[in-house]
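This report refers to the structure that appears directly beneath it.
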Ligand code: PEP
């Protein structure tokens, strides 16, 4: 069975002292949870947070360079994350795809570099509203997964976390229904099972898209939903911890 994870994507929010307070509050409240927590703050705060993180509260980057090393001003590499012992990194978030033009082949490079450095990618996939309305959401998600994981061996797949994030639900307040979310998660599991075998049951599949305390319990009760990737609701310790406390 896949382990349970609730990850918080803070995006470009929180000044240093606010971020520290929020991280401390999450640490304080995380003792009695029966899931792993991954906090993905702005990259500037990663090292400081990682030094005080504890078992079952880990940190992750929100992005990484597709390049290995060299003259790429403003970038940081997977190897640099490894040198700081950062265990997770989000890859392929829809905001990176739509606002920064991140391509499937860059996402594939990033995932390979992360795995080479023993960092677990939290790979995001999901369809737009237009794609769902014309009924191609499963094809889109399958295509994203196949391209992102191209060239990986079954032995590497066990280190990956996948977040299904329908683009139309991210930051909009509109959540996928439990039926829509479970149906896509089951489909993703099937795609992984067909391609990589039984290891598919060990891969945490997270739901992301306006997940909040009021809907987390219902979503997390679904058979193939192993937790969540949380944006807006991760910016307050109480709402994030309440979501992380939503496993029955
Ligand atoms: C996200 O950006 O990954 C996300 C899920 O955001 P929100 O929870 O705000 O929809």
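A short reminder: the numbers here are calculations on the coordinates, not readings from a lab. Everything quoted here is computed from the prediction, not taken from an experiment. A quick note on method: Cβ atoms are made from the backbone with ideal geometry, for glycine too, and the neighbour counts reach across all protein chains shown.
Ranking 198, 236, 79 by Cβ neighbours within 10 Å, fewest first, what do you get? Walk me through the numbers on the way to the answer.
Working: 198 9, 236 13, 79 16.
So the ranking, lowest neighbour count to highest, is 198, 236, 79.
Using a basic spin-label model with each label point 7 Å from the Cα along Cα→Cβ, how many nm lie between residue 155 and residue 32?
Inter-label distance under the simple model: 4.3 nm.
Write down the percent of antiparallel bridges among all DSSP beta bridges whose residues are both part of the chain, to the nearest 5.
Around 5 percent antiparallel, to the nearest 5.
How would you classify the chain from its alpha-carbon gyration tensor, with a ≥ b ≥ c the square roots of the eigenvalues: rounded for a/c under 1.5, else prolate if a/b is greater than b/c, otherwise oblate? Present the calculation step by step, with values, prior to reporting the outcome.
On the way: a/c = 1.41, a/b = 1.07, b/c = 1.32.
Judged from the Cα gyration tensor, the chain comes out rounded (a/c under 1.5).
How do 116, 76 line up, fewest other C-beta atoms within 10 Å first? Mind dumping the intermediate values first?
Details: 116 13, 76 16.
Final ranking by Cβ density, sparse to dense: 116, 76.
Taking a virtual spin label 7 Å from the Cα of residue 82 along the C-beta vector, which residues in segment 101-140 bring their backbone nitrogen under 12 Å of it?
The answer is 112-120.
Okay, helix-only estimate at 222 nm for the chain: each DSSP H run of n ≥ 4 adds -39500 (n - 2.57), divide by all residues, round to 500 deg cm²/dmol; what do you get? Mind dumping the intermediate values first?
Details: 11 runs with 103 residues, N = 248.
Estimated from H runs of four or more residues: -12000 deg cm²/dmol.
Can you tell me the length gained on complete extension of the stretch residue 73 to residue 218, counting 0.36 nm per residue apart and subtracting the Cα distance? Write out the running numbers ahead of the final one.
Working: separation 145, 0.36 × 145 = 52.20 nm, distance 4.39 nm.
Using 0.36 nm per residue and subtracting the Cα-Cα distance, I get 47.8 nm.
Using r as the Cβ-Cβ distance of residue 18 and residue 194, and R0 as 51 Å, what FRET efficiency do you calculate, to the nearest 0.05? Walk me through the numbers before you get to the answer.
Numbers: r = 45 Å, r/R0 = 0.88.
Efficiency computed from Cβ-Cβ geometry: 0.70.
Among 55, 103, 178, 73, what is the fewest-to-most ranking by other Cβ atoms within 10 Å?
Ranked by crowding around the Cβ, least crowded first: 73, 55, 103, 178.
Using label points projected 7 Å from each Cα along Cα→Cβ, tell me how many nm separate residue 178 and residue 55, to one decimal.
Those two pseudo-labels are separated by 3.2 nm.
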